[in-house]
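Below is one structure, written out as structure tokens, with a few remarks after it.
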């Protein structure tokens, strides 16, 4: 019996070690910014902190703040063009970083952004894909501190039912998205307020909500990444300005 117990314990330890190694190897493969993004973004405007990058509006009054949670396995800098353009339109924009580039490991990091930048009176939060799910979770639990939620190819968990709230919500999704499909957006619409704004980007896919290249399981876009990004910026700014 003791021998069996010892063998069982050894087998358990081996399984745990193998699982940890598998997760570590998996965690090393993520999506980084493309060369196109590096050509578009002015790097001197990106101010890194321990847990996020922030871009301040250049030489203009601050209208509000926007906190962005990246998609799963996507490096924060892949959203630098989007963030830079929001900042140019008057919004302090913080792109949050997470352990292993997975937002569910530290979903409350928006707290730190808000505490670090006290001069911003209105805060909006949004995210791409899994980042949007976790951003919505934060907003749902902190409705007094958040003035609106932006879903980028994303939707809330069932437990975060905003349908009976007055939370302003913007949902932008891509016609060719193979991961967060238009069908999934329609299916989860019941979790959002009736006042929510829905925008479909014709020809847009999942990966082009950032600038990090192609993504497994996605469909091919029929518009350029730059065009999708510019439509994304335009629709976000119009909505932010209304709220």
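The values are calculated or read from the model by the stated rules, or taken from the named source; none is laboratory data. Predicted model, so just to flag it, every value in this text is computed and none were measured. In this analysis, Cβ positions are derived from the backbone assuming ideal geometry, glycine residues included, and neighbour counts consider all displayed protein chains.
Within the stretch 158-168, can one find any residue that is closer than 19 Å to residue 74 by Cβ and in the same structural domain as residue 85 (by TED's automatic domain parsing)?
No, the stretch 158-168 contains no residue that is closer than 19 Å to residue 74 by Cβ and in the same structural domain as residue 85 (by TED's automatic domain parsing).
Taking residue 198 as meeting all but one of (1) touching a residue at least 40 places away in the same chain (Cβ under 8 Å); (2) closer than 25 Å to residue 63 by Cα, write down the number of the exception.
The number of the failed condition is (1).
Among the residues of the stretch 162-181, write down those that are farther than 19 Å from residue 124 by Cβ, in contact (Cβ under 8 Å) with a residue 12 or more places away in the chain and either under 15 Å from the mean Cα position of the chain (by Cα) or surrounded by 15 or more Cβ atoms within 10 Å (Cβ to Cβ) (or both).
174, 175, 176, 177, 178, 179, 180
Considering only residues of the stretch 201-243 that are in contact with a helix residue (DSSP H, G or I) (Cβ under 7 Å, 6 or more places away or on another chain) and without any contact (Cβ under 8 Å) to a residue 40 or more places away in the chain, which is nearest to residue 176 (Cα to Cα)?
Looking at the filtered set, the residue picked out is 204.
Within the stretch 48-101, how many residues turn out to be in a strand (DSSP E or B), without any contact (Cβ under 8 Å) to a residue 40 or more places away in the chain and either within 11 Å of the chain's Cα centre (by Cα) or under 22 Å from residue 133 (Cβ atoms) (or both)?
Residues that pass the stated criteria total 1.
I'd like to know if the stretch 180-188 contains one or more residues that are touching a strand residue (DSSP E or B) at 6+ places or on another chain (Cβ under 8 Å) and at pLDDT below 95.
The answer is no, given that none of the residues of the stretch 180-188 is touching a strand residue (DSSP E or B) at 6+ places or on another chain (Cβ under 8 Å) and at pLDDT below 95.
Mind checking which residues of the stretch 110-119 are touching a strand residue (DSSP E or B) at 6+ places or on another chain (Cβ under 7 Å) and either without any contact (Cβ under 8 Å) to a residue 24 or more places away in the chain or crowded, with 22+ Cβ neighbours inside 10 Å (or both)?
Within the stretch 110-119, 110, 113 qualify.
Only one of (1) assigned to a helix (DSSP H, G or I); (2) farther than 25 Å from residue 179 by Cα is not met by residue 134, so which one is it?
Among (1) assigned to a helix (DSSP H, G or I); (2) farther than 25 Å from residue 179 by Cα, the lone unmet condition for residue 134 is (2).
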